[in-house]
Amino acid sequence: MTTQSLTLDRPLDMHLHLRDGEMLSLVAPHSASCLAGAVIMPNLVPPVDSLESLLSYRERIRAACGADAERFQPLMTLFFREYSHEELAAARPHLFAVKLYPHGVTTNSEAGVRSIESAAATFQAMEELGIPLLVHGETSGFVMDREREFLPIYERLARQYPRLKITMEHITTKAAVEVLDKYENLAATVTLQHLLITLDDVAGGLLQPHLFCKPIAKRPEDREALLGAALAGHPKLMMGSDSAPHPRHAKEGCGCAAGVYSAPVLLPRLAELFEEHGVLEKLQGFVSDHARAWHDLRNVPARQVTLLKESWTVPMNYTGADGVTTVVPFEAGRTLPWRVRP
Ligand code: DOR
Ligand code: ZN
């Protein structure tokens, strides 16, 4: 007999872009309606890099979540810059983590770090205060090599700050999976798309702008390694969608913005994938338990989310209340076997 329903306890998206303004209003409900919480990325323009801007952003997120605001916990992050111990201590009660972007490697990272070495005092303060470090680990080298080239930097940070919890965000390579096992203080997130696609799906035929993201999807053996670790229930691998909406015109015009908008299909598509491989029972760990254990998260809203084996077809796009803001979701037009029970 096949499974007809699946209830997930406190599902969490450990890497989510919600944006601001009209886009925030459009996309927040897609996550808030089916998750107990999410780690909110700070790469707005200007970046979220003060307690004041973090608190006001959190209020805008709450407002955009409407009736789900009480059941969906935004885990707020600050954009990495050199912070004093005092600043971080003051932010600590409201802060989940600090997110580091190397300068210029992705969307809105112009204010990113130019020299990791010169930020030692901030890492030390984070370590002392128990504030996790989330890292977009890419160099500015050749696009297929950027993550691999960054791995020694992860290793150095892990050795230099042994009590700092470091998350390698959205890993895309076999080499990154291997580094994960070398250091106790390293964990990783992986996206839905990087479990499913390779560079071939992005650029092997007609160019697929809605599959273009940073880091770029890699080789088949990389995807296999990521999928293998996720399906095996690797305890330090957490679901982080990196769902990153851009208006349709910014994806389909000349100069495509990086980002895959996966929030509307996240849990159903993962259930399909895990079921296909006969390990549906491993989904709970991947979407919640690993993250709660790693980060010792105790105040996540006690929310259960049920998936039903009922097919639905992913909309070709979603349009905001302004009638203008339009985003195209991952798997647009595809029929999925699982849906989230409303
Ligand atoms: O593809 C991406 N989009 N990668 C990132 O690191 C940032 C994100 C965004 O903010 O659009
Ligand atoms: Zn991201």
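The values are calculated or read from the model by the stated rules, or taken from the named source; none is laboratory data. Worth saying up front: this structure is predicted, and the values here are computed from it rather than measured. Cβ coordinates were reconstructed from backbone atoms using ideal geometry, including for glycine residues, and neighbour counts include every protein chain displayed.
Of all residues in segment 304-324, which are among the β-branched types (V, I, T), within 22 Å of the chain's Cα centre (by Cα) and part of a loop (DSSP other than H, G, I, E, B)?
V314
Identify, please: which residue in segment 1-50 is of a type in the set (D, E) and over 29 Å from D289 (Cβ atoms) and is, among those, farthest from ligand 2 (Cβ to nearest atom)?
Within segment 1-50, the first condition is being of a type in the set (D, E), and the residues that meet it are 9, 13, 20, 22, 49.
Adding the requirement that they be over 29 Å from D289 (Cβ atoms) leaves 20, 22, 49.
Values: D20: 15, E22: 20, D49: 16 Å.
Among those residues, the one meeting the criterion is E22.
Here are M23, M14: which of them is of a type in the set (A, V, I, L, M, F, W, C) and farther than 15 Å from L266 by Cβ? Spell out the reasoning first.
Numbers: M14 fails: farther than 15 Å from L266 by Cβ.
Result of the check over M23, M14: M23.
Conditions (1) more than 16 Å from ligand 1 (Cβ to nearest atom); (2) farther than 28 Å from L26 by Cα; (3) modelled with pLDDT of 95 or more, marked per residue:
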{"position": "H94", "(1), (2), (3)": "yes, no, yes"}
{"position": "G104", "(1), (2), (3)": "no, no, no"}
{"position": "I116", "(1), (2), (3)": "yes, yes, no"}
{"position": "A125", "(1), (2), (3)": "yes, yes, yes"}
{"position": "L151", "(1), (2), (3)": "yes, yes, yes"}
{"position": "Y161", "(1), (2), (3)": "yes, yes, yes"}
Which members of segment 313-325 meet the condition of being polar (S, T, N, Q) and surrounded by fewer than 17 Cβ atoms within 10 Å (Cβ to Cβ)?
T313, N317, T319
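Pick from segment 1-13 the residues that are of a type outside the set (S, T, Y) and out of contact with any Phe, Trp or Tyr (no Cβ under 9 Å at 6 or more places or on another chain): which of them is nearest to F80 (Cα to Cα)? Steps first, please.
Start the filter on segment 1-13 by keeping residues that are of a type outside the set (S, T, Y), which leaves 1, 4, 6, 8-13.
From the residues that got through so far, the ones that are out of contact with any Phe, Trp or Tyr (no Cβ under 9 Å at 6 or more places or on another chain) too are 1, 4, 8-13.
Values: M1: 50, Q4: 44, L8: 32, D9: 31, R10: 28, P11: 26, L12: 22, D13: 20 Å.
In this case the residue turns out to be D13.
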Any residue that is on the phi > 0 side of the Ramachandran plot and at pLDDT 95 or above - is there at least one of those in segment 274-286?
yes
Only one of (1) farther than 20 Å from F142 by Cβ; (2) over 15 Å from the mean Cα position of the chain (by Cα); (3) at pLDDT 95 or above is not met by L266, so which one is it?
(2)
Pairs where the first residue, in segment 5-20, is over 18 Å from T325 (Cβ atoms) and the second is away from ligand 1 (no atom under 16 Å from the Cβ) and among the basic types (K, R), C-beta under 6 Å, 6+ apart:
R10/R303
Out of segment 196-220, which residues are within 16 Å of ligand 2 (Cβ to nearest atom), of a type in the set (A, V, I, L, M) and out of contact with any strand residue (DSSP E or B) (no Cβ under 7 Å at 6 or more places or on another chain)?
I216, A217
Taking segment 1-44, which residues are of a type in the set (V, I, T) and at pLDDT 95 or above?
T7, V27, V39, I40
Looking at segment 21-54, which of its residues are within 29 Å of G323 (Cβ to Cβ), hydrophobic (A, V, I, L, M, F, W, C) and away from ligand 1 (no atom under 16 Å from the Cβ)?
A32, C34, L35
Pull out all pairs, ordered by first then second residue, where Cβ-Cβ is under 7 Å, the residues are six or more apart or on different chains, the first lies in segment 44-73 and is farther than 20 Å from D13 by Cβ, and the second is among the basic types (K, R).
D49/R81
Select from segment 163-194 the residues that are surrounded by fewer than 22 Cβ atoms within 10 Å (Cβ to Cβ), assigned to a helix (DSSP H, G or I) and either within 13 Å of ligand 1 (Cβ to nearest atom) or charged (D, E, K, R) (or both) and list them in ascending order.
K174, E178
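Test V260 against the criterion of being farther than 19 Å from C213 by Cα, within 20 Å of the chain's Cα centre (by Cα) and touching a residue at least 12 places away in the same chain (Cβ under 8 Å), and give yes or no.
Values: farther than 19 Å from C213 by Cα: no; within 20 Å of the chain's Cα centre (by Cα): yes; touching a residue at least 12 places away in the same chain (Cβ under 8 Å): yes.
Judged against the criteria, V260 is not a match.
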When (1) at pLDDT 95 or above; (2) in contact with a Pro (Cβ under 8 Å, 6 or more places away or on another chain); (3) within 22 Å of D13 (Cα to Cα) are applied to S109, the one that fails is (1)
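Of the residues P245, P235, only one is within 16 Å of ligand 1 (Cβ to nearest atom) and on the phi < 0 side of the Ramachandran plot; which? So that I can check it myself, show each step before the final result.
Working: P235 fails: within 16 Å of ligand 1 (Cβ to nearest atom).
Of the residues listed, the single one that is within 16 Å of ligand 1 (Cβ to nearest atom) and on the phi < 0 side of the Ramachandran plot is P245.
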In the list L75, L26, L55, L95, which residue meets the criterion of being closer than 30 Å to R341 by Cβ and over 15 Å from the mean Cα position of the chain (by Cα)?
L26
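Report whether or not V279 is among the β-branched types (V, I, T), away from ligand 2 (no atom under 16 Å from the Cβ) and more than 18 Å from the chain's Cα centre (by Cα).
Values: among the β-branched types (V, I, T): yes; away from ligand 2 (no atom under 16 Å from the Cβ): yes; more than 18 Å from the chain's Cα centre (by Cα): yes.
Criteria met by V279.
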